Every structure is written in structure tokens, then in C-alpha cells.
């Protein structure tokens, strides 16, 4: 009864759709392959033959991109991403824990105050934030990115972590209370270890956000030595107008970390980006 | 008494988070409201109260209307190409005939989501390059020389070219959201429909569409509010030009504040963005709750 399944559909409509998906895949993949290919060429060989393979593979484009600034941007991005991640995980999980422990109206009020922030887009706050950070002198430090990043990722993270905390059975907690455990011990020894799945989701969302964030990084930071990769690439392009190969090498380098994270934990990654359905 | 003590302890856990939100979200929002009634520049020491002047200017500023028009165009095209088209592609990939190839296509469509917007924008700058960009070379190679143009430098094509960048990047993400939603539909619904003799298209409209209604709604709000806050693409690719052809609200706000140095008026533009996006997200927030569906 059952027909043998093949990769390519047998029916005409199925085949047409399959072809359509193939074309769509080419439209998506080809530009990326082209970037990788061209990142090994010099300007003249891109100019003479846009489509061709490099005659001579210029690995030097990569080392030039790295020494011409990408290494600094890369380091900055790593520092900002890691600090944002650590700060956010701590602040979001304590806040979520606090909300689940608060009894009565206060818990509800705190949660609402957090959730309302979700209605706010970063664009609305960026001018006052700029003035605020400048007036306290933080605009020349990494904190000019880290603190706003934590603040703007907090509502979504708290929402996800809280909904996980609420589902944790109360038995262990009650037993711990009888044994005289403090709130901090309950949080640190029971809730956090049990919540690894949701914390890893939040981790991926945060890495993705902090690595790619552009608006705050370009406006709030007033120091060329603190540029993260998204901002640095712009400067890089302006500085190397005709050296397309080197610019493209820089672009490829900047994508590698997230692609590695994706390859290592693709299931988690997709869950991280679809949880809460809020991208970047 | 005991509850009160416990509440105090629990509240201490909330303090770091609440402080950060107060300083970096609530305080700037309030400041922004105050600024929008003032006139000042970044270097000025005093702020002059100007009443509703900034808001009056909003309504007579032709660039605002141009920006809103572009934002709306952005939203409409994103709804068609990401939400509608994404749903159809998700349904196709979830069909049985694609069982063997689904993961392959899914992975490929998702790849652009991994790249940062700056990288994608720079990539399209190379694609749109008039002399040696991929797009013009492609048209020349297939003999359609008439279609080549200066994509980002011509009034008619600049905005559409910028919008195309987002479609390329985000459609796979939206498709992925729909795939997640479709996979949650109980399969006996489809089996029952097959027994009743419903064809594939019929099943799409009578089962798939109603069952992913909530996700449809989430993605709509997501793309529309994304369209009204878009900044990076026009900032990187055209800077709003040629003329004001690709100006959008956030970019207009940025240029008014940091280039023309009129912070008061820029804050009024920010308030306009605030009202638009807050209305959109509260619709989502209060009627469905953000992404409750996708939560584990």
C-alpha cells in the first residue's frame, strides 16, 4: 500500500514545490558562499570575474582583517557578551525567584512592573540613555553596553525563567524550609540546578542578542577602542573601501562564533530563538 | 508576621533587577517624555520649555510622513513575504512528501538568522553594487541588461531594495516559528480530514490555518513592530537617502538628535515610535500573552 519514500517527491505538484524550495535555498545560500569565496580574492580578481573561483587563494586577507582591527572588535564583543550573560543570568533568575516567592499583591505588582517594560522598544530610550551615560561618564566603558543590554533583555528572560520556576514542585522546597534552609539556599541549591533547560535557553538568546546588537553599541558608546563587531565592521568597511576581500574576510570571521554555537547545540539554539518569539 | 518577613526576604531578591529596570528603562522613558516638551542641544547647558511645539512640528514635518509611509510599506511587505509566505512554506515543508528533505531546507532557511544584521547589510551592499554587484552581474549574464540599475541610489528602488534585505534574513525565522506551531497540531485532525476526503489545500485552510492562529498573531505583531522600529538597514545601506527616499522613523529620530542636534524634537519623534509600538505590543500582550505557545 505505502509507496516508497524518496527525497524528491514523485507527484507533479510535489515536484514543483520541491523545485521551488531548491531555488529558494540557492537564493539564500549562494550569496553566503559567494562571500566566503570572494574573501579569498583581491579586488582586481573580484572586479574581473565576480562569479569565478579565486585563481589564487589569498589566506592573507584573513590575517590582514584580523590585524587591521577585527581582533580588537572580536575581543570587545566577547567581553561584552560574557559580562551581559553573567549579569543577566544572575539578575533575571534572582528577580524571577523573588517574584515566585512574594505572596499577595506585591508579587503581582513586581511582575507587572517587569512585564510592562516589554512594551518598550530600545529606540524610545536611546536618547535619554545616551545623555544619562554621558553625564555619569560611563559612555567610555563597556558598561555603556552591558547595563542597557541586561535591562532590555530582562523582561523576556524573567518571564521565561519565572514560568519554569512556577512549575517546580514545592515538596523539596518545603522539606528544605523544615530543615532550616534560607531563601538563598533554596534558590541556589534547589531552583537553579533544576532550571538548567530554561537557563540554557536564556543563555542562547542572550549570546545571540549581545553578539549582534547594533543600535546601542553604535549610539551609546563613545570610544573607538570599545567597538563591538557589528559597529566595528562598519568602520572597517569605511576604512577599507576598495579592499573587498579583506572586508569580506572580516565579515566571515565575525559570523564564526555564532555558527559554532549553532552547530554545537542546534536544537537548543532554535528553541532559544523561538522561545517567546522575540528576535534580537 | 511570618509571611511579612518572608516577603521581605523575597523582595530583596527582586532589588537588583528592579533597580536596573528603574535606571535603564523607566527613568529614560520618563526623561524622554520631559525632553519632548523641551528644546535643547547636546551642548546646551539649559533646557528651554517649549510646550507642545515639538508635537506640533511632528504633524507638519514632511519627513515624518515620508518615514511613516516607508515604515508602513515595510510592514505590508513583511506581512506578505514573512508571515503569509512563511506560513505557506512551513506547511509545505511539514507535508509528508517532504519528510526526507524537511530538515535540510529548514536548516538552510534558518542560516541567515544566525548572521548579524551588519553582516547581512554589508553583504547586500556588495550584491547591490552597481558596477560589480551580484544582482546586476546576474541580470547581465542572463541577458536582461535592461533590468540593471543603481539599486540603492535610485528613488524608486532604494526603499524596496532595503526591505528585500529584511525579507531575505527573517523569512526563515518566521517559517521556523510556524513549523514549531504546526508540529503541535494533533495529527488525528489531519487523519480525520483525509478520511473525509479533504485535499491538501482544503486541509491547509480548514485545519492548519485555524490551528496556528495564535502563532499567526504573534508573528504579525513581531513583524509589524519590527517594521516600525527598523533602523540598522537604512542606517547602514543608505543613511536615509537618496534625498529622504529611505527615511524611517528611528533613523529620522537619530539624525534629528545626533546630526541636527535637536534633542527635544528627536524625543518627540521617539514618543511617536513609543505610542505606535506600545499599542502594537500591548495588543499582543493582553490578548494572547507573548509566545505562551512556544514556551517549554
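The values are calculated or read from the model by the stated rules, or taken from the named source; none is laboratory data. Just so it is clear, the model here is predicted, and its values are computed rather than measured. Here Cβ is always computed from backbone atoms with ideal geometry, including for glycine, and neighbour counts include all displayed protein chains.
Figures for the structure shown
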read-out	value
Subset of the stretch A:254-273 (residues that are more than 18 Å from residue A:32 (Cβ to Cβ) and in a helix (DSSP H, G or I))	A:264, A:267, A:268, A:270, A:271, A:272, A:273
Candidate set: the stretch B:114-125, residues that are surrounded by 23 or more Cβ atoms within 10 Å (Cβ to Cβ) and more than 7 Å from chain A (Cβ to nearest Cβ); chosen: the one farthest from residue A:19 (Cα to Cα)	B:121
Count of residues meeting criterion [in contact with a helix residue (DSSP H, G or I) (Cβ under 7 Å, 6 or more places away or on another chain) and not in a helix (DSSP H, G or I)] in the stretch A:100-119	2
Counted residues, the stretch B:205-220 - those being under 21 Å from residue B:172 (Cβ atoms) and either surrounded by fewer than 21 Cβ atoms within 10 Å (Cβ to Cβ) or in contact with a strand residue (DSSP E or B) (Cβ under 8 Å, 6 or more places away or on another chain) (or both)	5
Residue check for residue A:277: in contact with a helix residue (DSSP H, G or I) (Cβ under 8 Å, 6 or more places away or on another chain), buried (at least 22 other Cβ atoms within 10 Å of the Cβ), within 7 Å of another protein chain (Cβ to nearest Cβ) and modelled with pLDDT under 85	yes
Which numbered condition residue B:253 fails, given (1) more than 25 Å from residue B:80 (Cα to Cα); (2) modelled with pLDDT under 90; (3) within 8 Å of chain A (Cβ to nearest Cβ)	(2)
Lone qualifier among B:194, B:179 - being in contact (Cβ under 8 Å) with a residue 24 or more places away in the chain and either surrounded by fewer than 19 Cβ atoms within 10 Å (Cβ to Cβ) or out of contact with any strand residue (DSSP E or B) (no Cβ under 6 Å at 6 or more places or on another chain) (or both)	B:179
Selected residue (only one of B:270, B:227, B:278 is at the interface with another protein chain (Cβ under 9 Å from one of its Cβ atoms) and either touching a residue at least 24 places away in the same chain (Cβ under 8 Å) or outside any helix (DSSP H, G or I) (or both))	B:270
Residue count, the stretch B:35-54 (criterion: more than 12 Å from residue B:265 (Cβ to Cβ) and facing chain A (nearest Cβ under 9 Å))	1
Of the criteria (1) within 9 Å of chain A (Cβ to nearest Cβ); (2) at pLDDT below 90, which one residue B:216 fails	(1)
Of all residues in the stretch B:127-142 being facing chain A (nearest Cβ under 7 Å) and outside any loop (DSSP other than H, G, I, E, B), the one that is farthest from residue A:36 (Cα to Cα)	B:137
Some residue of the stretch A:139-148 being touching a residue at least 60 places away in the same chain (Cβ under 8 Å), more than 10 Å from chain B (Cβ to nearest Cβ), outside any helix (DSSP H, G or I) and surrounded by fewer than 19 Cβ atoms within 10 Å (Cβ to Cβ)	yes
The stretch B:92-102, subset modelled with pLDDT of 85 or more and more than 7 Å from every other protein chain (Cβ to nearest Cβ), residue surrounded by the fewest Cβ atoms within 10 Å (Cβ to Cβ)	B:94
Evaluation of residue A:112 against (1) more than 10 Å from chain B (Cβ to nearest Cβ); (2) free of Cβ contacts under 8 Å to residues at least 40 places away in the same chain; (3) farther than 17 Å from residue A:163 by Cβ (one fails), failing number	(3)
Within the stretch A:164-246, helices (runs of 4 or more DSSP H) holding 1 or more residues that are under 24 Å from residue A:95 (Cβ atoms), in contact with a helix residue (DSSP H, G or I) (Cβ under 6 Å, 6 or more places away or on another chain) and touching a residue at least 60 places away in the same chain (Cβ under 8 Å)	A:196-212, A:215-219
Members of the stretch A:79-98 that are more than 17 Å from residue B:15 (Cβ to Cβ) and touching a residue at least 40 places away in the same chain (Cβ under 8 Å)	A:79, A:80, A:81, A:83, A:84, A:85
